[in-house]
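A short write-up of the structure that comes next.
The values are calculated or read from the model by the stated rules, or taken from the named source; none is laboratory data. Predicted model, so just to flag it, every value in this text is computed and none were measured. Note: ideal-geometry Cβ built from the backbone for every residue, glycine included; neighbour counts use all protein chains shown.
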């Protein structure tokens, strides 16, 4: 019993000298570990009488609880002192200061692309991603542009050493889409396109388009006009008047140029529509039978329409941007201005 009292006094004296958690852990092992003196004393219980054993066990357990309780309290004390010291030595922050983090915004082309996609998805179309690097076949032959076709001269392209090409139009995905979905299908596929252009306010070597196709039985020009009108009215937040003019594109027959009445002047004539009252927006038409056939679709029992919408041009119209070069210029001032419109 005297040994237990001595252990308590030794423990209390040593505990008062502890200044860090590492020394505290050593003290715990010394007095509560498997090889501690208290553990060895507990092993002598078998040599005691019943009365001695009962009294000794009571005192030994009380001492063990004393060790544990004081070790826990001292550990909390050391941790609290450490935290308070860190707070005292740390920099002071005024939590009343405004948040100076500036939020970014979407690019105008991204904004328009998302809006167009949402409209077509609501009308039952699915969205596919196109490749930026295409085979010569998909970019030209599959859309009825053979090697000797003059349209290739208009699309002076960026060729790779492996014979592939940076796609010059989103139509390059038509064959892949037709072979994937067959008939019927309603698909749009936006993407980045590349052409070796002389740069000016309306031409850039990199621009964005969105191609769309609807293939099935009994598809007519009326379907094309309906979907184009619905999409454009949603984008410009007003009822848009459209018209079709004859136009030649190798992958459609008949082919059209789709114009919209100028949404800025209502057709009266302004700088945006070059005083003509109408804005040329996208080529379109009924898919050429040869394009359907190359895509694995029987042109005798199926028809379809296709259109190519210039997302870059659409974004310029929507946000009244005068120079296409601003789109790829990464000028933060320009992007901030778009965000406020």
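The table below gives the values:
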read-out	value
Filter pass, residue 128 being over 21 Å from residue 313 (Cβ atoms) and at pLDDT 90 or above	yes
Residue tally, condition within 18 Å of the chain's Cα centre (by Cα) and buried (at least 18 other Cβ atoms within 10 Å of the Cβ), over segment 129-144	1
Helices (runs of 4 or more DSSP H) enclosed by segment 256-341 - at least 2 residues per element that are under 17 Å from residue 231 (Cβ atoms) and modelled with pLDDT of 80 or more	311-319
Residue match in segment 87-110 (condition: modelled with pLDDT of 85 or more, in a helix (DSSP H, G or I) and touching a helix residue (DSSP H, G or I) at 6+ places or on another chain (Cβ under 6 Å))	yes
Tabulated pairs, segment 142-162, first assigned by TED's automatic domain parsing to the domain that holds residue 198 and at positive phi, second modelled with pLDDT of 90 or more and part of a loop (DSSP other than H, G, I, E, B), C-beta under 8 angstrom, 6+ apart or interchain	144/251; 144/288
Some residue of segment 251-261 being within 18 Å of residue 169 (Cα to Cα) and in contact (Cβ under 8 Å) with a residue 60 or more places away in the chain	yes
Selection count where residues are in a helix (DSSP H, G or I) and farther than 16 Å from residue 176 by Cβ, scope segment 114-136	9
Given (1) assigned to a helix (DSSP H, G or I); (2) free of Cβ contacts under 8 Å to residues at least 40 places away in the same chain; (3) touching a strand residue (DSSP E or B) at 6+ places or on another chain (Cβ under 6 Å), number of the condition residue 233 does not satisfy	(3)
Lone unmet requirement of (1) modelled with pLDDT of 90 or more; (2) in contact with a helix residue (DSSP H, G or I) (Cβ under 9 Å, 6 or more places away or on another chain); (3) surrounded by fewer than 21 Cβ atoms within 10 Å (Cβ to Cβ) for residue 147	(1)
Search result, residues across segment 53-67 that are under 22 Å from residue 9 (Cβ atoms), surrounded by 13 or more Cβ atoms within 10 Å (Cβ to Cβ) and free of Cβ contacts under 8 Å to residues at least 40 places away in the same chain	57, 64
